[in-house]
Amino acid sequence: MTLTPQKLVLRSILAGVVLLGVMAACVWIGSQDVSLADVLKGPGGEGSPNIQYIIFMQERLPRICLAAIVGAALACAGVVFQAILRNPLADPYILGVSSGAGLGSIVAVLFSGTVIYGRIAGHFGWIAEATGMSSLMIMAFVGAMLTVWLVWVIGRVTGRTHVTGLLLAGVVVNAFFSALIMFLLSIARARQLQSTMFWLMGHMMLPENPLMVWFSGGVVLLGILCLLMLGNSLNILSFGSDDAQSLGVPVKRTCFLAFACAALITSVAVSLSGLIGFVGLIVPHAVRLVVGPDHRLLIPLSAIAGAAFLVVADTIARVVIAPAILPVGVITALVGGPFFLILLIRYTKNIQWGST
Amino acid sequence: MRLIEFDKVSFGYEQVPILKDLTLSVQANSFWAIIGPNGSGKSTFLSLLSGHIKPQQGTVCVDQQMITAMNTAQRAQKISLVRQEFIPVFGYSVFQTVMMARYARQSKRLFENAADREAVRAALEATDTLTFAERPLGHLSGGERQRVFIARALAQETPILLLDEPTSHLDLKHQIKIFDLLKQMQTQQGKTILLVTHDINLAVQYCDRVLLLGSDETFFEGPPEQILDSGRIESIFGVQGYQGRIQKEKFFVPLGKFSKDRPG
């Protein structure tokens, strides 16, 4: 059975329609009743603003879009890391993105009042303006990218194409930075502590600026398209770098490109929402069980499935203890775990536990 | 026609020299066995030829072109490689696995075309693997899987085929099947085959030339009849044994201290 362009496009469109359906359904669910008729009335006049319209346009819609962006990025990055590390246990955080972003955001929270921080932030204010991201998000992003770069450099020392070195470097850097995070948390004040803890648990933040949704959505979409173009190479890389090289894949360049794109979209996701676990590990496996291991199909479908999954999880997080909101990371693990087990049992004949 | 030429090639890891001043040429459409004790440089020889590693001295040429001067895609159109028994992490089907051989010819395309599909089908047919084309690799027996990897090498449509101990995990019947298949590739498709093996007797039966590597950077090269005599095997491998002749060809049975027919 070969993958034709028609088949890829058809399945992606089908999955995309399902995703839009899920988003359209979830946008009406929440602690406040909002109806289409209310929204269609428009923003309302000067003295009597239409509350429903404001909730819909400024909270529900951007939040659902962000959840979709983050879910797509995490699931897609999970697929790619599992492929280039040839490790089914890999997730988007395995090479230090999580601890790096965590460190960046905590530094932002702890030092946001200081003069030096203010001065530096002043210099880079144009970034915040251009992207619509808050300084905390930018710091998380910078932390994530710097850490991944560090892991890549350390991993390279142990061998150009040995993924074990990369994995070990990721684990050690993650552990070291986690210790730094603990240290900073233990000297933080209570007020600062709460916002950081929420971030570490994975929490959709409402965008203050709609620009942020467009910007992050664009970056993630671009990253996913780049990774899709590497689909064939990623298939072959699953057979190891020796095989890949003898089949004509430029291993070094492909690994670097895939790694950079996956790290970039993960960093964007993490800076938007904090650490949401499970999506990047479970969704790739679930989609692989259903559609098989071909990365040309796996990448777009995982992105779409990840988006739908996180939209649903975030909706549950919004309503389950309404009007308060649960961290969405709690829901992804609670919902994702059993869901994955069902898939595992249902499709167990498709699984092959290979050796590396 | 000289297809492959090694000219005074030396290679070693750290302080340990492995190959030194290796010079030889491989005629097109020949079947070579590379034999030697562990650590004598058999796999290193293959890696030098496939361009995975660069010689520290000397040059390796294929079709009068230095292998190190080619890029990955160019090399992949000259040389294909079959490794020891191996199962990938994810469950690709036989068809998907063999289709990967077409990468070097389609690297700018994301999808395979009719020519790719035809090449894959022909390779599956030649290796007798077409019947389980849709099954995942992990669900096959070792012999079937190894035939799939040979099919992949065929679909790559390279003049040169390298194999690193392709039969080491297989039972007798499947070993013979693989050697028969390779001989068929040589005679019917004009492939040049270089195969690393520990099986001296199969090498004698099937190969035209032998490269015998010693652990001390020595090497012997020539027809199996000439190279594989018992005295040389005993000194290079450090074992004693019995050499006889079936009809035309020699065979060698290694014998140890506790063998029933122990030497001396």
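The values are calculated or read from the model by the stated rules, or taken from the named source; none is laboratory data. Since the model is a prediction, treat every value here as computed from it, not as a measurement. Backbone-built Cβ (ideal geometry, glycine too); neighbour counts: all protein chains shown.
What are the residues in region B:65-83 that are at the interface with chain A (Cβ under 7 Å from one of its Cβ atoms) and part of a helix (DSSP H, G or I), if any? If the condition is that a residue be at the interface with chain A (Cβ under 7 Å from one of its Cβ atoms) and part of a helix (DSSP H, G or I), then B:72, B:73, B:76 are the ones that fit. Listed by first and then second residue, the pairs linking a residue in region B:59-88 that is on the phi > 0 side of the Ramachandran plot to a residue that is among the charged types (D, E, K, R), with Cβ atoms under 9 Å apart and 6 or more places separating them unless they lie on different chains, are B:63/B:78; B:64/B:2; B:64/B:5. Does region B:108-118 hold any residues that are in a loop (DSSP other than H, G, I, E, B), surrounded by fewer than 16 Cβ atoms within 10 Å (Cβ to Cβ) and not hydrophobic (A, V, I, L, M, F, W, C), and which are they? Scanning region B:108-118 gives B:108, B:109, B:113. When A:265, A:316, A:236 are checked against the criterion of being at negative phi, touching an Asp or Glu at 6+ places or on another chain (Cβ under 8 Å) and either part of a helix (DSSP H, G or I) or surrounded by fewer than 24 Cβ atoms within 10 Å (Cβ to Cβ) (or both), A:236 stands alone in meeting it. Inside region A:292-313, residues that are surrounded by fewer than 24 Cβ atoms within 10 Å (Cβ to Cβ), within 14 Å of chain B (Cβ to nearest Cβ) and either closer than 20 Å to residue A:29 by Cβ or aliphatic (A, V, I, L, M) (or both) make up a count of 1.
Just to be sure, is residue B:154 part of a helix (DSSP H, G or I), under 20 Å from the mean Cα position of the chain (by Cα), more than 7 Å from every other protein chain (Cβ to nearest Cβ) and closer than 25 Å to residue A:7 by Cα? No, not satisfied.
Residues of region B:136-180 that are surrounded by fewer than 18 Cβ atoms within 10 Å (Cβ to Cβ), at pLDDT 90 or above and at negative phi: B:176, B:180.
Filtered by the rule that a residue be facing another protein chain (nearest Cβ under 7 Å), over 27 Å from the mean Cα position of the chain (by Cα) and either within 18 Å of residue A:300 (Cβ to Cβ) or not acidic (Asp, Glu) (or both), region A:229-253 gives A:245, A:246, A:247, A:248, A:249, A:250.
Taking the listed residues B:86, B:90, the one that is within 10 Å of chain A (Cβ to nearest Cβ), more than 19 Å from the chain's Cα centre (by Cα) and not in a helix (DSSP H, G or I) is B:90, with no other qualifying. Candidates are the residues of region B:121-148 that are within 9 Å of chain A (Cβ to nearest Cβ) and assigned to a helix (DSSP H, G or I); the one that is nearest to the chain's Cα centre (by Cα) is B:137. Within the set A:201, A:145, the sole residue that is among the aliphatic types (A, V, I, L, M), touching a Pro at 6+ places or on another chain (Cβ under 9 Å) and in contact (Cβ under 8 Å) with a residue 24 or more places away in the chain turns out to be A:201. Criterion first (charged (D, E, K, R), crowded, with 16+ Cβ neighbours inside 10 Å and either more than 14 Å from chain A (Cβ to nearest Cβ) or touching a helix residue (DSSP H, G or I) at 6+ places or on another chain (Cβ under 7 Å) (or both)) does residue B:54 satisfy it? Judged against the criteria, residue B:54 is not a match. Within region B:157-195, the set of residues being among the hydroxyl-bearing types (Ser, Thr, Tyr), assigned to a loop (DSSP other than H, G, I, E, B) and free of Cβ contacts under 8 Å to residues at least 40 places away in the same chain comprises just one member, B:167. Within the option set B:77, B:56, B:65, being in contact with a Lys or Arg (Cβ under 9 Å, 6 or more places away or on another chain) and more than 25 Å from residue B:124 (Cβ to Cβ) holds for one residue only, B:65.
Does residue A:289 qualify as being surrounded by fewer than 24 Cβ atoms within 10 Å (Cβ to Cβ) and either modelled with pLDDT of 90 or more or assigned to a loop (DSSP other than H, G, I, E, B) (or both)? The answer is no for residue A:289.
Might you check whether a residue that is surrounded by 15 or more Cβ atoms within 10 Å (Cβ to Cβ), under 24 Å from the mean Cα position of the chain (by Cα), assigned to a strand (DSSP E or B) and modelled with pLDDT under 90 occurs anywhere in region B:242-251? Yes - at least one qualifying residue is present in region B:242-251.
Residues that are among the small types (Gly, Ala, Ser), assigned to a helix (DSSP H, G or I) and either within 14 Å of another protein chain (Cβ to nearest Cβ) or surrounded by fewer than 24 Cβ atoms within 10 Å (Cβ to Cβ) (or both) within region A:71-98 comprise A:78, A:83, listed in sequence order.
Any chance region B:97-104 includes a residue that's more than 9 Å from chain A (Cβ to nearest Cβ) and either within 20 Å of residue B:203 (Cβ to Cβ) or outside any helix (DSSP H, G or I) (or both)? No, region B:97-104 contains no residue that is more than 9 Å from chain A (Cβ to nearest Cβ) and either within 20 Å of residue B:203 (Cβ to Cβ) or outside any helix (DSSP H, G or I) (or both).
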